[in-house]
Every structure is written in C-alpha cells, then in structure tokens.
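Heads up, the thing below is written out as structure tokens.
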Amino acid sequence: MRVQYEIRRAVLGDLERILQIENASFGPEAYDRKLFASYLRRCGELFLVVERRGKVCGYIVSCLRGTAPPPRAELISVAVDPASRGSGAASALLESTLRRLRRRRVAQLQLMVRVNNRPALAFYEKYGFRRKRRVPRYYEDGGDGIAMVRQVTPP
C-alpha cells in the first residue's frame with residue numbers, strides 16, 4: 001500500500017528543510033541556499049515539495065528550457081529524506097511534475113544523472129527515461145554523467 005502524500009509548490013519557508021534533505025542526500029555536492037532561492041524564483045510552479053503528516057520529506061525542481069516550440073523542461077534535482085525513501089515520495093513528486101508538464105504541453109523532460117548512481121538510473125528508466133549519451137567530466141569532481149530524456153507529450 002502506498003503512503004499518502006501531499007504535493008505542493010515550494011515556498012521560501014521550505015528552504016531550511018529542503019537544505020537538510022539536500023545535505024543528507026548529496027553531502028559535499030549539495031546545492032546551497034542561494035541556488036535553491038534562485039530556482040524558487042525562476043522555476044516556481046515546477047519547484048515542488050512532498051509532505052507527509054505536515055512535514056516536508058522531499059522536493060523536486062524542474063525548469064522550462066528554451067523558447068522555441070515544442071517546449072522542453074529539465075529536471076534539475078530530486079531528493080527525499082533518507083528516512084522516507086522507498087515509500088513512494090519520489091514517485092509522487094515525479095508523477096506530479098509530469099502532470100504539470102503535460103498541462104503546459106511540454107514535449108520532453110531531460111535530466112543528468114551520475115553514471116554510477118544505479119538507484120537513480122533504475123528509477124528514471126522505470127518512468128520511461130532513456131539514456132541519450134554519456135557526458136565525460138560533467139560533475140565538478142570530474143565524474144561522468146548520463147544525459148537522459150523522456151517524452152512528456154507526443155512530438
């Protein structure tokens with residue numbers, strides 16, 4: 001049985017909790033408050049949090065990219081509090097994001113994931129993302145990334 005979650009737009013008051021989840025998930029590679037505040041301004045309607053029992057337990061940030069049709073979007077980051085992993089929170093966030101992108105008639109959602117992040121690769125592939133290409137030295141520490149893409153609405 002899936003846990004019930006509430007998905008809503010992130011607000012400035014969520015940043016402290018988002019940073020806690022970010023640091024627990026990504027350690028030294030975590031994004032900082034300034035970057036999250038910037039995403040909140042630029043990507044507001046696609047910066048979502050998931051709550052259970054009134055407590056934020058995860059987030060997802062996606063942004064629209066480019067002005068030429070058909071519209072595209074990029075999944076910037078998704079993270080769930082380690083204590084809530086495996087309970088459907090990330091799925092709820094991604095499904096909500098995909099619904100919002102469909103309403104905006106976005107054609108594709110793209111993302112980058114570390115080549116050695118097997119759980120994330122499996123998660124994205126479960127949702128229909130396909131590997132597009134390997135990007136050498138994409139990450140600051142020199143790690144390679146995998147560019148992935150998924151159709152949201154028919155081309």
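Absence of a disulfide-compatible partner, taken as no other cysteine beta carbon within less than 4.7 angstrom, is noted in the chain for CYS57.
Return the single residue from LEU35, LEU121, LEU111 with maximal mean-square fluctuation; model: Gaussian network over the chain, springs between Cα atoms under 10 Å. In the Gaussian network model the winner is LEU35. Once C-alpha pairs closer than 8 Å and six or more residues apart are averaged by separation and normalised to the residue number of the range 6-109, the relative contact order reads 26 percent. Computed per residue of the chain from DSSP H runs no shorter than four, each worth -39500 (n - 2.57), the mean residue ellipticity at 222 nm is -9000 deg cm²/dmol.
Rounded to the nearest 5, what is the percent of antiparallel bridges among the DSSP beta bridges in the range 1-131?
Restricted to the range 1-131, the bridges split so that about 80 percent are antiparallel.
The range 73-95 and the range 39-67 have Cα centres spaced 11 Å apart. Seen through its C-alpha gyration tensor, with square-root eigenvalues sorted a ≥ b ≥ c, the range 95-155 comes out prolate because a/c lies at 1.5 or above while a/b is bigger than b/c.
The dipole here belongs to the range 6-109: it is taken about the Cα centre, uses +1 on the Cβ of Lys and Arg and -1 on the Cβ of Asp and Glu, and is about 520 debye. The packing ranking of peptides 7-20, 134-147, highest mean first, is 7-20, 134-147, where packing means the average number of other beta carbon atoms within 10 angstrom of each residue.
Bear in mind these aren't lab numbers, they're just calculated from the coordinates by the rules spelled out. For clarity, every value in this text was computed on a predicted model and none was experimentally measured. Quick reminder, even Gly has a Cβ in these numbers, built from the backbone with ideal geometry, and neighbours come from all protein chains shown.
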